[in-house]
Amino acid sequence: MSVINISKLTKYYGKARGIENVSFDVKEGEIFGFIGPNGAGKSTTIRLLLGLIYPTEGEATIFGQDVVSSGPEIRKRIGYLPSEVFYYDSMKVIDLLNYSASFFEGDFTDRIQELAEYMELDLTRKIDDLSYGNKKKVGIVQGLLHKPELIILDEPTSGLDPLMQQKFFTLLEKERNDGATILFSSHILSEVQRLCDRVAIIKDGEIIRIESVNDLNDNNYKKVRVVSNENLSELVSVEGVTNFTSKENASSFFYNGDINIIIDTLKSHKLDDLIIAEPTLEEIFMHYYE
């Protein structure tokens, strides 16, 4: 069952493109990565899902309900962490979190204490006294305090030190194990590789690939580096060879196909060195972008 379903979602700001014909779904209980550089359309898509802005065309549903017509009901079941957090500086952290909790039914006192302790957040301090990283921790606790069924995170780790990032990832995995579904937007590929089950790659407002992280890593692409004093430019014409570069006596390329074919081609040359390796997720990402 899909918790999020997006179909041909399009948003224009006047004549400026936000996103165009974006379609993907997020299944119940998965951590879904949404990756692309700044300006690719990640935040626009998330704001459309939250009903903060309205689509030009297309539609999106969460929990089977339309995000526009059923926005207030949907948002009660969502936890959201924006890429930038802004608060009333004069408020204490605990007062802010209690105010946020008042929008939901139930007593979340213990939950706030538990999350704050885990994230090493001092509830007694004023917002104005907090570093950017600690303000981000406030946003994390605020987004999770009501045990949301769907957690939407937009560049959530900016400002967190590496140790706190690891604690945050562990917390997200615990929330998923407790039944939450997570949409995780990021341009940091190591985070996606560490956490996510599937990933959508967005470029210039359009989805260019949707794949499981395992398939992205295991999609038969090989990273080949050849050292030879001979001219290897003929490799460019071999089917499956992409991203060919050559500098001095070293040539590098991606290869997707029968490994025996590329080995047979290389046999006709005198080689000084040959390395065939699995590309990193970042290299795969750049391959799709280029």
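Bear in mind these aren't lab numbers, they're just calculated from the coordinates by the rules spelled out. Keep in mind that this is a model prediction, so the values were computed, not measured. No Cβ is skipped: glycine too gets one built from the backbone with ideal geometry, and neighbour counts run over all protein chains shown.
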Need the C-alpha centroid separation for the range 134-158 versus the range 179-210, integer Å.
17 Å
Could you tell me, in Å, what Rg and Dmax come out for the Cα atoms of the range 219-289?
11.6, 33
Could you sort out which of Lys247/Lys267; Lys167/Lys223; Lys174/Lys222; Lys42/Lys167; Lys42/Lys76; Lys42/Lys92 sit more than 28 Å apart by Cα distance in this structure?
Lys167/Lys223; Lys174/Lys222; Lys42/Lys92
Mean separation of Cα pairs under 8 Å and 6+ residues apart, divided by the residue count of the range 219-289: what relative contact order is that in percent?
45 percent
Distances longer than 16 Å among the Cα atoms of the range 167-242: what percent of all pairs is that?
66 percent
Taking only the alpha-carbon positions of the range 138-184 as identical scatterers, the Debye log10 I(q)/I(0) at q = 0.14, 0.16, 0.27, 0.32 Å⁻¹ comes out as -0.30, -0.40, -1.15, -1.43
When N counts the residues of the range 28-74, how does its alpha-carbon radius of gyration compare numerically with 2.2 N^0.38 Å, as a ratio?
1.23
Cα axis of helix 132-144 to longest principal axis of the chain: angle in degrees, 0 to 90, nearest 10?
70 degrees
Using the Kirkwood radius over Cα pairs, work out the Stokes-Einstein diffusion coefficient for the range 2-216 at 37 °C and 0.692 mPa s, in µm²/s as a whole number.
186 µm²/s
Expected sort for 205-211, 51-57 on mean C-beta neighbours within 10 Å, highest first, is 205-211, 51-57
With only helices counted (DSSP H, runs n ≥ 4, each -39500 (n - 2.57)), the per-residue ellipticity at 222 nm for the chain, to the nearest 500, works out to -9000 deg cm²/dmol
Between Asn98 and Asp161, what FRET efficiency follows from the Cβ-Cβ distance if R0 is 25 Å, with the result rounded to 0.05?
0.40
For a test of the definition: using alpha carbon positions, the gyration tensor, and the 1.5 limit on a/c, classify the range 85-196 as rounded, prolate or oblate.
oblate
